[in-house]
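Single-structure report; data block below.
Nothing in this text is a laboratory measurement; each read-out follows from the coordinates by a stated rule. What you see is a predicted model, and the numbers here were worked out from it, not measured in a lab. Cβ atoms come from the backbone with ideal geometry, glycine included; neighbour counts cover every protein chain shown.
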Amino acid sequence: MASPAWNLVRLAALLVSSMSGLGAAIADGISIWSIVDRDGPFAAATAPVADGVRDYLAMINARDGGLNGIALVNVECDAGLSSEGSAACYDKAKGAAIAILPLSSAIALEMLPSAGRDAVPMLTPGMGAAMVADGRYFPWVFAMPATDIDGAQAILQAISDQADALQGKTIALLRLDGPENQDIAALLQMQSARLGFTLLDLPVTAKAVRTQSDEWQEIGRSRPDYVVIAGLGDMVETAIAEARNANFPMGRLIGTWWSATGAELALLGDAAKGYRVVSWNLPGADPQILRDIAEARAGADRSGHAAAERAGLYYQRGVVLGAILVEAIRLAQSHFDRRDIDGTQLRWTLEHLNFDEATLAALGLTGMIAPFSTSCSDHAGHAGAWLLEWNGRAFIRKAGPLIADRAITAPMVAEQASRYAKANKPWVTNGGCRP
């Protein structure tokens, strides 16, 4: 028997099935491009997200016949861990895609200047730069459901029980060196003065990702109260191994959005027990949407371990991302009364999303993500985050949802967005938005 979520989605499809407007642009389907790194030290973080997106789109095709009879086409381009590869993937995608998903912060930042110029919606969930949440300056880029500094704020909330809990403490930030983690460093530096803790900033170069010897020697000398990891893939595995060698308590090691790679942690098992991360999606053992994917026999099992992958935090993050984008396309078709929507129409819809509890339930996402909504000026939604803890086999919920204080983050986002636009003139803005 079909699930209630299936029935609701089928009903929505039937209600708009008579819409007019089938153009040549949709003869081959609606193309969604993911730019991903399948190999190298960060593949374990980006590949499962791409798999989740892929399987969600395949499920919609198999279950519903696409969106109003139009197939969703998942196109994946491997950037190969290079700027040249990212640029080549983007050049291929911009003329064919209804939306582009750069599935790493480095790729997202490299593509940022092109998005407004080429008028292609780009989704960067919790990655890249927090400033893209300001739709006035970044009309074509969306960071829903939350930004990286929302995550950094959630970490500070998670480790402090009262206003002065961090007073006199030291927090080490072990971060992958580069622009992708500068927002987190800036937020923690700003909050260190406000909350009275000392920030020990420890950037890790790409060459040191698998060693981190100098950084952990400094941690051994300074003995910080907490170590925040802002990295992904092999960097996380190395950090946890070094923490054990240094006898640093796992419970005081906390990762950001993309520091929760399941593959590395599964190899470490009980050795990583107690390691914590913040996440904008909450992993579920048997959420409805995963049953929908399994029932539709959607997706390709590249690893030979589909069930294990589907239980993973990042795979489920990809499923949620796919659901957000597909729902936006569906709403655009309905609102503009046409099946062959263009990027401008999708952008308008991405600025008018309301993922309330009823919408989440209808899509089979209940409990996997906190409710959020977007607007012309707010391209993030700032959904809540959860504090998760590794129990030796999987991540379990410890606290949340934790909601970022917009009074702290919003001025930072606005200032960075304005400065970036001025530094990169001529810049495409949307002056009609109001904060």
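Annotations
- Contact order normalised by residue count of the stretch 165-275, Cα under 8 Å, 6+ apart, percent: 28 percent
- Added length on full extension, which subtracts the Cα-Cα distance from 0.36 nm per residue, ILE408 to ARG297: 35.5 nm
- Neighbour counting of Cβ atoms within 10 Å sorts the residues LEU67, LEU360, fewest neighbours leading, into LEU360, LEU67.
- Reference-scaled alpha-carbon Rg (2.2 N^0.38 Å with N residues) for the stretch 141-267: 1.01
- Once the Cβ-Cβ distance of ASP342 and TRP427 is raised to the sixth power relative to R0 = 25 Å, the FRET efficiency obtained is 0.65.
- Note on SER160 and ASP177: their simple-model spin labels are 2.9 nm apart, each label 7 Å out from Cα toward Cβ.
- Cα-projected label distance for THR366 with ARG393, points at 7 Å along beta-carbon direction, nm: 2.5 nm
- Taking amide H as placed 1.01 Å from N in the peptide plane, GLY400 has its amide H under 5 Å from the amide H of LEU387, each at least 5 places away in sequence or on another chain.
- Annotation: extensible slack from ALA71 through ALA271 equals 67.5 nm (criterion: 0.36 nm per residue apart, minus Cα-Cα distance).
- Mean shadow area of the stretch 211-355, taken as a quarter of the surface of its Cα convex hull (nm²): 11.9 nm²
- Enclosing the Cα atoms of the stretch 226-284 in their convex hull gives a volume equal to 78 cubic angstrom per residue.
- Residues SER31, SER114, SER105, SER82 arranged by fewest to most Cβ contacts within 10 Å: SER82, SER114, SER31, SER105
- Cβ-based charge dipole, the chain, positive-most Cα from LEU176, CYS433, GLN153: CYS433
- Lysines whose Cα lies under 29 Å from that of LYS422, excluding same-chain neighbours fewer than 8 positions away: LYS92, LYS94
- On Cα atoms only, tilt of 83-93 relative to the major axis of the chain in degrees: 20 degrees
- Neighbour counts of C-beta atoms inside 10 Å place ILE159, ILE149 in the sequence ILE159, ILE149, starting with the fewest.
- In the chain, Rg over Rh equals 0.96, where Rg is the alpha-carbon radius of gyration and Rh the Kirkwood radius from pairwise Cα distances.
- Ellipsoid semi-axes in whole angstrom, largest first, where each is sqrt(5λ) of the Cα gyration tensor of the stretch 328-373: 23, 11, 7
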